[in-house]
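To keep things clear, I will list the structure first and then write my remarks on it.
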Amino acid sequence: MLWRRFLAVFIKEFVQMRRDRITFAMMVGVPLMQLILFGYAINSDPKSLPTAVVMGDSSPFARSIVTALQNSAYFRIVESPVSEARADELLRLGDVQFVVTIPVDFTRDLIRGDRPTLLVEADATDPAATSNAISALISLNDTALDHDLKGPLASLKNAPPPFDLQIHRRYNEEGITQFNIVPGLMGVVLTMTMVMMTGLAMTREQERGTMENLLAMPIRPVEVMLGKIAPYIFVGYVQVTIIILAAHYLFDVPVIGSLPLLFGSAIFFIAANLSVGFTFSTLAKSQMQAMQLSFFYFLPSLLLSGFMFPFRGMPEWAQWIGEVLPLTHFLRIIRGVMLKGNAPYEVWPNLWPIAAFMLAAMALALLRYRRTVA
Amino acid sequence: MTLAIDVQGLSKSFDGKTVVHDLTLRVARGQICGFLGPNGSGKTTSIRMLCGLLKPDSGSGTCLGYDVIRETDQIKRHIGYMTQKFGLYEDLTIQENLQFTARVYGLDRRNERVEASLERLGLHHRRNQLAGALSGGWKQRLALAACLLHEPELLLLDEPTAGVDPKARRDFWDQIHAMAAQGITVLVSTHYMDEAERCHEIVYIAYGRLLTYGSIHQVIAEAGLTTWAVAAKGDGARIATLSQDLSGKPGIDAVAAFGAGLHVGGRDAAALERAIAPYRSDPMLTWQRTEPNLEDVFIDLVARAENDPRAA
Ligand SMILES: Nc1ncnc2c1ncn2[C@@H]1O[C@H](COP(=O)(O)OP(=O)(O)O)[C@@H](O)[C@H]1O
Ligand SMILES: [Mg+2]
């Protein structure tokens, strides 16, 4: 009779589901996490983007422009005034999204009606992060000086606008999305595969019954951990190489910086993810649970790192979480090296957080590693 | 006479349930000690405590002179432990498994040792076979080879012959005796009575308590059982009903199947005779006094342990 047999399986599945706490936690946790992340953390219209201003001229006109920028809500002046060299450095470090340069003779040319040029340089490595801000700039052009152009200058208000706006998309002139996505994919692929690989490492020993034998032998946890992690560093490098080749030859993504620097930085990121996976495998009771834990790690990494959505569009709490995740920093490193040609000292601010994360994950894994059965 | 194993009062509980109770065990070097007991009686747990894989809740002692609580690293280096479940890698070949084990123990002359081990165990021609593809008997040989590589002084074998055919079992035991002759101490858990009889001494535990300990003769003599063998003419149905009738009768402490008949044992010979008297006149049955065997003794011991108020 079909109904009875159906019920048999149905009831059995329910009982098994109830036993498996992690799966249960997944069923509740994943939707909650997605709701929170998509609902509160993600914003594809980032505002308040850090901006530096190079003041070639500090007349009331120039100051009005700065005020108008701030009033637009898209720009947050973090350093002003700065030298051109410093502005360039800030942009390369990724500390500012925009550099606005008010040229030396701005006021003089403005009053003469020579329509001076206001230069706005945008870090276009992530085109999505800057596009709305740039649109806002264009409307700003018309209105920024409305209050200042009074009396004899009122005539300047008439079209065309009193000054010219030159927008320079740095590092990605044409705003090509692939320039952002393809290098970023390297980090995403590594996060996904590396965590999963070692995530299965200890649980596999447990499930196949080889763990007890391993524990009975004179081998230290740190030896087991490093021995299990090291082979996957090679796997990671194979992936890095494939993606760089594809990025360059299939997608024409420029590789401006030094490849050795990129490879050298990658080892920390790969090791950090492998350590996370190893930690998961000491926490999980089965390979299945290890996979589920990996998913819990992967989801926020994907959403909060700045890969899928602009990092600066997220609320502060989400940025804090993002700052902890290795992927966030690695994305900045790859984009920095490949697109901006970052030098080692410019990579460092994003490298040490990855290294610190790696050490913390390893320490946790070793703490969790059981030297006795059960 | 030095002791390979010398532990006192080892106890272990899981989730509030005591699994091993106050275990005291002394095994002299070069002895083969059989570790017997029903499933779940705490054999594996005891062995794990001896080799440093589990920390006893209480108790103390030494294995090969190393403290079982503090010097587990030393113990691991000097003992060979064969787990109940096959513990090597099924996706590695025989040779790769042995190489791995030799590396973990940091052995010198690694290739030489692996070769010698393959040769000795007759695994030479199978070296490139995946361990997962081996039958139970061959897996057992491989597991034994792996735990002998580092020349341990003490072997802890947890049900090594479960699921192994009789011929392989016999070979295995010959090997164990050869090793004991070289001075290696062996503690081996088993369910087979014929294997127990090949041990120098046996330990029997049930419900986590040691019930008896000594050579087979000592164990049988100490039990003080009087035993009768019953055989029935005709079919086995008579024996089955008889077994049910006799079990639990006052004076009858152990009823065990023996061949096609039964062994009926009791500690008090007179009481036993009174209990079986009504059945002795049954023309279908033949009764005969006999020597108790290990199984009779164990059945009696377990029955007594069950009635013991201390038992879990
Ligand atoms: N890690 C553990 N957690 C909880 N209970 C355990 C654990 N290991 C063993 N036990 C319990 O301890 C008892 C003894 O087990 P074990 O030592 O494996 O017996 P044996 O090897 O004699 O069959 C069993 O009831 C078993 O369920
Ligand atoms: Mg067992």
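Computed quantities for the displayed model
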item: Residue (of B:F298, B:A257, B:A237) at the positive-pole extreme of the range B:220-307, dipole from beta-carbon charges; result: B:A237
item: Electrostatic dipole magnitude of chain A [Cβ: Lys, Arg +1; Asp, Glu -1; Cα centre; debye, to 20]; result: 1920
item: Heavy atoms of A:V28: accessible area, 1.4 Å probe, square angstrom to 10; result: 80
item: Per-residue average of Cβ from other chains inside 10 Å of B:161-167; result: 0
item: Amide H contacts under 5 Å for A:V253, placed H, 5+ residues apart; result: A:H248
item: Sequence-distant residues sharing a close amide H with B:T212 (under 5 Å, placed H); result: B:Y204
item: Relative contact order, percent, chain A [alpha-carbon distance under 8 Å, six or more residues apart]; result: 19
item: At least 50 Å² of accessible area lost relative to the chain alone, listed for the range A:334-374 with a 1.4 Å probe; result: A:R371, A:V373
item: Euclidean distance of C-alpha centroids, the range A:17-83 and the range B:152-196, integer Å; result: 70
item: Ranked by how many other beta carbons lie within 10 Å on average, peptides A:271-283, A:250-262, A:180-192, B:18-30 from highest; result: A:271-283, A:180-192, B:18-30, A:250-262
item: Segments B:168-174, B:278-284 sorted - mean Cβ within 10 Å per residue, highest first; result: B:168-174, B:278-284
item: DSSP-loop GluC sites (Glu not before Pro) across the range A:164-270, with at most 12 other Cβ within 10 angstrom; result: A:E173, A:E174
item: Calculated FRET value between B:R304 and A:R18, using beta carbons and R₀ = 51 Å, to 0.05; result: 0.80
item: ³J(HN,Hα) computed for each position of the range A:187-197 - Karplus, 6.51 cos²θ - 1.76 cosθ + 1.60, integer Hz, glycine/proline x; result: x, 5, 4, 4, 4, 5, 6, 5, 5, 5, 4
item: B:Y213, A:Y40, ranked by accessible area, largest first (probe 1.4 Å); result: A:Y40, B:Y213
item: Relative compactness, the range B:220-307, computed as alpha-carbon Rg over 2.2 N^0.38 Å; result: 1.00
item: Two-site FRET efficiency, B:D235 against B:E295, from Cβ-Cβ distance with R₀ of 30 Å, rounded to 0.05; result: 0.80
item: Candidate residues B:K55, A:K12, B:K43: accessible-area rank, largest first, probe 1.4 Å; result: B:K55, A:K12, B:K43
item: Accessible area buried at the B-A interface, both sides summed, 1.4 Å probe (Å², nearest 100); result: 1700
item: 10 Å Cβ neighbours from other chains, averaged over peptide A:203-214; result: 5
item: Calculated SAXS-style log₁₀ I(q)/I(0) at q = 0.07, 0.10, 0.11 Å⁻¹ - chain B, Debye, Cα scatterers; result: -0.34, -0.65, -0.76
item: MRE, 222 nm, helices only [DSSP H, n ≥ 4, -39500 (n - 2.57), over chain B, to nearest 500]; result: -11000 deg cm²/dmol
item: √(5λ) per eigenvalue of the Cα gyration tensor, the protein assembly as shown, largest first, Å; result: 79, 27, 20
item: Candidates B:I47, B:I239, B:I216: whichever shows maximal mean-square fluctuation once chain B is modelled as a Gaussian network with Cα springs under 10 Å; result: B:I239
item: Surface accessible to a 1.4 Å probe, A:Y345 within the full protein complex, Å²; result: 130
item: Carbon/sulfur fraction of accessible area - the protein assembly as shown, other protein chains in place, 1.4 Å, %; result: 58
item: Residues with amide H under 5 Å from that of B:F35, placed H, sequence gap 5 or more; result: B:V188, B:S189, B:T190, B:V203
item: Dipole magnitude of the range A:98-255, debye to nearest 20 (Cβ charges: Lys/Arg +1, Asp/Glu -1, about Cα centre); result: 240
item: Approximate spin-label separation A:Q319-A:T143, in nm, with each point projected 7 Å along Cα-to-Cβ; result: 2.5
item: Cα-projected label distance for B:F100 with A:A230, points at 7 Å along beta-carbon direction, nm; result: 1.6
item: Karplus-derived HN-Hα couplings along the range B:200-211 (A = 6.51, B = -1.76, C = 1.60, θ = phi - 60°), whole Hz, x at Gly and Pro; result: 5, 8, 10, 10, 10, 10, 8, 6, x, 10, 6, 9
item: Zero-based 5 Å bins, Cα pair distances in the range A:49-170, whole percents; result: 2, 12, 23, 25, 19, 11, 5, 2, 0
item: Rg/Rh (Cα only; Kirkwood hydrodynamic radius) as it applies to the range B:159-278; result: 1.06
item: Solvent exposure ordering (accessible area, 1.4 Å, most first) of B:I94, A:I267; result: A:I267, B:I94
item: J(HN,Hα) series, the range B:155-167, from Karplus relation 6.51 cos²θ - 1.76 cosθ + 1.60, nearest Hz, glycine and proline x; result: 10, 10, 10, 9, 6, x, 9, 5, x, 10, 6, x, 5
item: Spacing of the two label points (7 Å from each Cα toward its C-beta) at B:D67 and A:A25, in nm; result: 3.6
item: Of A:G39, A:V222, A:M338, farthest towards positive along the dipole that unit charges on Lys, Arg, Asp, Glu beta carbons give chain A; result: A:V222
item: Rg(Cα)/(2.2 N^0.38 Å) for chain A, N = residue count; result: 1.27
item: The range B:8-134, accessible area per residue, ligands and nucleic acids excluded (1.4 Å, Å²); result: 44
item: Exercise: per-residue mean of other protein chain Cβ atoms within 10 Å, B:69-77; result: 2
item: Check: the range A:217-374 dipole with +1 on Lys, Arg Cβ and -1 on Asp, Glu Cβ, in debye; result: 460
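The values are calculated or read from the model by the stated rules, or taken from the named source; none is laboratory data. All values derive from a computational prediction rather than experimental measurement. Here Cβ is always computed from backbone atoms with ideal geometry, including for glycine, and neighbour counts include all displayed protein chains. For accessibility, only protein heavy atoms count, side chains too; no ligands or nucleic acids. Shrake-Rupley method; radii C 1.70, N 1.55, O 1.52, S 1.80 Å.
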